[in-house]
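One structure below.
Here, each number is a calculation from the coordinates, and none is a lab measurement. All values reported here derive from a predicted model rather than from experimental measurement. Glycine gets a Cβ as well: all are built from the backbone with ideal geometry, and neighbour counts include every protein chain shown.
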Amino acid sequence: MKKTFHLSLTFLITFLSVQFITSQEAIIKGTHERQMEEFGNIDKIISKSEASKESIISLQESQASTLNKMVFGFLPYWEQSSGANTNMQYDRLSHLACFNFLVQLDASVATPSGWPWTTEINAAHAAGTKVVMTVTNFGGADDANAVAEELITNVSKQATFFANIKSIIQAANLDGVNIDFEAMVSTTRDTDLNTFMAALTSYIHTELPGKEVSFDSPAVNWGGWDFDGLVNSVDYLIIMAYDYTSASSANSGPVAPLIHPVSWGKSVTYTLENAGTGYSSPVANYPEKLILAVPYYGQHWKTTSSTAEATTTSHVSSTRFRDTEDQALTNGGWLWSTDFEYPWYTWHDGASWNQVWTDNTQSIEDKFDLALAKNLGGVGMWALNYDGTKTAFWDLIETKFGVTASVEDVFLNKNIRIYPNPASSVIKISNSKSIDLNRIEILNVLGQEIMQINPENEFIDISYLSNGTYFLKIEDDRGNQGTFKILKSN
């Protein structure tokens, strides 16, 4: 009871605070803007715009897709400038979103540092990956809400804005535009926004046939949003399923909880299922137009204790997976909150307690599974290269959304674990729920069966296989199937 009271009270305080903020029409910066301020100091960015004289190629549509869903990745200019290209696996993306193109009150659109990103665009296009421009209304000299309202209500400015987008798309051989308008008051994000987005979509489809229009929408409707109308005004909607616990929170907590211990608590599952402030209607009626974007980042706070959801004394910084995976291991290892189905870790630095709540491979996999279970159009991530040279998330994308993966794989992929992976000689099938297995087979990268395994076997000998990538396909007695990527490495 004591734990439940603590969680409920914490959430109630947060809920009432948000209601107060909303009623006062105060504007809270979103994750994209805050991290642009944290990581995107333009004085520290080295422009590469003059480095390449190479022409920009068009999308190679004949390139066979390796994905069965959309995978939409944001690439911020601060990651592009730090060499993200060397870590990109473009064939595991359907869309590369170049962040950010800034629009201001005069409807002008400023390009990101180092533009044009010829190397990244050409690599993506060669892999059959679409490249789109992400336009923001925040981060410039003009007020974000004022910019959005001006474009929505001023027909002349709107026409100029549309024409500027068209010009940039044509000049860089881009494949569409993604609108990331944030920090808008409720009167700006109402049906007028949907009308504006519908007008932009119509304009792009008419002027640039085959090009796409998308919009980045919040995880929860705190007021004013019409998600049904919004999803119908664009080609697809990117749900920013993060920032449930913000950097300024009074208590530590999950950035993107899969679930919540109280029925009215906000979580990613709540976002997709709740009729009042979530997306239940679009999920039911237009799932193929929804992209569930997950965070490759977390939050680091100073706290009063090592207890989960402790009072925060200060916010240290946003974190990136490329750092936190190793940091967690050197600070006692990952802890797992069953209340939220979310990982975190804590340590004492000699002066104060620190807590980092951030997604890891398991929690990202759970959210990918949720997107599959809801039959959404795909997944996205904020932001590319936050995982650096680590490949776990890329491997998850291939396992869940590669051509050899089935959209029916959710049940077994969630309840069965394969380890160690990579492995040199033997892998173990962990079947903790004692699911009756009917068939086990090993496939090569072409999807061809190379061996059948006795379904009663707990251990599988792979010592005879050559080093490389394989897939373990499992079927239970009810016909559920699961496909697991395994890496053989001596």
**Item:** Largest to smallest principal axis extent of the C-alpha atoms in the range 407-488, angstrom
**Value:** 32, 24, 20
**Item:** Globularity ratio of the range 336-490, using Cα Rg and 2.2 N^0.38 Å
**Value:** 1.15
**Charge tally in the Cβ shell below 13 Å around T271, where Lys, Arg are +1 and Asp, Glu are -1, T271 excluded** = +1
**Request:** Compute the signed sum of charges (Lys and Arg +1, Asp and Glu -1) over the other residues within less than 11 Å, Cβ to Cβ, of P254.
**Result:** -4
**Prompt:** Based on DSSP H runs of at least 4 residues, each adding -39500 (n - 2.57), what is the mean residue ellipticity at 222 nm of the chain after dividing by all its residues, to the nearest 500 deg cm²/dmol?
**Reply:** -9000 deg cm²/dmol
**Complete:** Residue span S248 to Q327: 0.36 nm per residue of separation minus Cα-Cα distance leaves a gain in nm of 26.2 nm
**Item:** Karplus-derived 3J(HN,Hα), 6.51/-1.76/1.60, for each residue of the range 242-254, Hz, glycine and proline x
**Value:** 7, 6, 5, 10, 8, 4, 8, 4, 6, 9, 5, x, x
**Fill in**
For the range 125-219 the translational diffusion coefficient, Stokes-Einstein from a Kirkwood Rh over Cα pairs at 37 °C and viscosity 0.692 mPa s, in µm²/s, is roughly 236
**Complete:** Kirkwood Rh for the range 206-293 from C-alpha pairs, in Å, is 13.9
**Item:** Protection-proxy order for peptides 253-265, 201-213, 234-246, each taking the mean of Cβ atoms within 10 Å per residue, highest first
**Value:** 234-246, 253-265, 201-213
**Complete:** Semi-axes in Å, largest first, for the range 68-113 (Cα gyration tensor, √(5λ)) are 25, 15, 5
**Message:** I need the peptides 355-365, 472-482 ranked by packing, meaning the mean over residues of other C-beta atoms within 10 angstrom, with the highest value on top.
**Reply:** 355-365, 472-482
**Prompt:** In cubic angstrom, how much convex hull volume per residue do the alpha carbon atoms of the chain span?
**Reply:** 163
**Complete:** Residues other than P420 with Cβ under 12 Å of its Cβ, Lys/Arg counted +1 and Asp/Glu -1, net out at +3
